[in-house]
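Asker: Mind having a look at this structure? Questions to follow.
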Amino acid sequence: MRLNFSEPPTPTLSRQNTTIQGHHQRRGTHPHQLSSRAKPRRWPLVFRFIKGAIHGAILVPVSLHAIFTALIVYLDTYVFETVGLPSTIIPSLSIVVGLMLVFRNQTSYNRFWDGRNGMNTVNTCVRNLVRTIVTNSYNSKRGPPTPAECEDIERTIRILMAISYAVKNHLRAEWGAAWVFGNSIDEALNIHPSTLYNPEYANLLPAGLEGHEDEGLGLPFQLTFFIDGFIKRGEERGWYPAPGASQMQAQLNTLTDAYGKMETIKLTPIPVAHLIHQKQVLALFGCVLPFAMVDEMGWWAIPIVSLVIFTLYGIEGIGSQLEDPFGYDRNDIKMDAIAGDSRTEIDVVLSEWRTHSKAMETLRQQPAGAVHGNLCLTPDRTEAGNRSVDGKYTPPDLFLRSRPSTGR
């Protein structure tokens, strides 16, 4: 099976000026760096005809209607005495066209908005799960997690980081993010067993993960099994009480539900009967309009009809772009940027948690009753000589640093 990797992610946008006078300056990055607009618009939108506009998509129908209008004006002027129709027919047709376009645009924008909300729900659930994991994955009686348990925690957080990419690629029908040495790809892989990963998933997917997209299993759903398994292991280790584990599973269920709703938007297009009738009504209105204007406007009917057709087909073109909001069009949801910002955010948390974990590990190497700085270990019983501490372990909060006090 051929690997279909995603297109290059949205390029890094220019740094915004986030300097705060008298306090500090953010350097290197900032929240929503990829998702936010890079710079203020230099030109009013009324003068934009290329980037983000739909002029190119409607150029052909507008040109055809202009040519048809010119033909009608020519026939009315030089061939026949008149080919005009009463202008009273325009209001009745325009009501029908207006209603159809309003329905089309409103429906398409609802799909766009629901898709964006679904992506936000996925990221929110990932944030909640990451926060719960890094702050609650310890046992107050056994002390800090062991190195193997820390590796399990980091592996799970990286899988959560990969879910946004998996959802994005799944909605774009870009398969092949995780395939194992396997007969379904290339026989040469059997000589050098290794896993082929989409570059976006570097260091995120678990080693040896075998994708089953060729059998009909979506990668986002497949990754949720690892998260659910970690929650179960955490409950057995005494990290999470039963209500806490249930809440984590509820977050995972909400994430899966949001992913399913976005999948519904992708797989359920506007009914084709509505699209056919809308196209035909627009074409009919554009063909009748010259006959109603030719007697009163003459050759001026050409630019007037072109302007009306440009407006109507433009509205219809916007609806067509918003119908599937998960692609690469400029008006689509910035899926690459959202996934990249989510990864950057969680990567900062993961880096802080690593530093925190290294500090916690010193508890295992210090004698009983030693001062641990910011580390908090409240012993109930200390047995001298054997370096054992029987008490309640309570780690300090993340993102706090002890600063030396300055005397005056």
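Asker: Residue 63: part of a helix (DSSP H, G or I) and in contact (Cβ under 8 Å) with a residue 60 or more places away in the chain, yes or no? Give the steps one after another, and end with the answer.
Answerer: Numbers: part of a helix (DSSP H, G or I): yes; in contact (Cβ under 8 Å) with a residue 60 or more places away in the chain: no.
Spelling it out, it is not the case that residue 63 is part of a helix (DSSP H, G or I) and in contact (Cβ under 8 Å) with a residue 60 or more places away in the chain.
Asker: Identify all residues within region 72-96 that are loosely packed, with under 11 Cβ neighbours inside 10 Å, more than 48 Å from the chain's Cα centre (by Cα) and either acidic (Asp, Glu) or in a helix (DSSP H, G or I) (or both); write none if there are none.
Answerer: 78, 79, 81
Asker: Now for a different question. Which residue pairs have Cβ atoms under 9 Å apart, sit 6 or more places apart or on different chains, and have a first residue in region 97-114 that is buried (at least 16 other Cβ atoms within 10 Å of the Cβ) and a second that is modelled with pLDDT under 90 and of a type in the set (Ser, Thr, Tyr)?
Answerer: 104/320; 108/320
Asker: Taking region 291-341, which residues are among the aliphatic types (A, V, I, L, M), over 28 Å from residue 269 (Cβ atoms) and in contact (Cβ under 8 Å) with a residue 12 or more places away in the chain?
Answerer: 292, 293, 294, 301, 302, 305
Asker: Within region 322-347, how many residues are touching an Asp or Glu at 6+ places or on another chain (Cβ under 8 Å), surrounded by fewer than 18 Cβ atoms within 10 Å (Cβ to Cβ) and within 14 Å of residue 113 (Cα to Cα)?
Answerer: Of the residues in region 322-347, 1 are touching an Asp or Glu at 6+ places or on another chain (Cβ under 8 Å), surrounded by fewer than 18 Cβ atoms within 10 Å (Cβ to Cβ) and within 14 Å of residue 113 (Cα to Cα).
Asker: Can you tell me which residue in region 101-152 is nearest to residue 316 (Cα to Cα), limited to those that are outside any helix (DSSP H, G or I) and of a type in the set (Gly, Ala, Ser)? Talk me through it step by step, then tell me what you get.
Answerer: Step one: list which residues in region 101-152 are outside any helix (DSSP H, G or I), which gives 137-146.
Keeping just the survivors that are of a type in the set (Gly, Ala, Ser) gives 137, 140, 143.
Details: 137: 52, 140: 61, 143: 62 Å.
Per the stated criteria, the residue is 137.
Asker: With respect to residue 205, determine if the residue is closer than 21 Å to residue 133 by Cβ, at pLDDT 95 or above and not acidic (Asp, Glu). Spell out the reasoning first.
Answerer: On the way: closer than 21 Å to residue 133 by Cβ: yes; at pLDDT 95 or above: no; not acidic (Asp, Glu): yes.
So residue 205 does not fit the description; no.
Asker: Okay, next question. Applying the selection to region 285-328, what residues are more than 21 Å from residue 93 (Cα to Cα), aromatic (Phe, Trp, Tyr) and part of a helix (DSSP H, G or I)? First the steps, then the outcome.
Answerer: Looking only at region 285-328, we keep the residues that are more than 21 Å from residue 93 (Cα to Cα), and these are 298-300, 318, 320-328.
Okay, now just the ones that are also aromatic (Phe, Trp, Tyr), so 299-300, 326, 328.
Once the filter is applied, which keeps residues that are more than 21 Å from residue 93 (Cα to Cα), aromatic (Phe, Trp, Tyr) and part of a helix (DSSP H, G or I), region 285-328 yields 299, 300.
The values are calculated or read from the model by the stated rules, or taken from the named source; none is laboratory data. Computed from a predicted structure; not experimentally measured. No Cβ is skipped: glycine too gets one built from the backbone with ideal geometry, and neighbour counts run over all protein chains shown.
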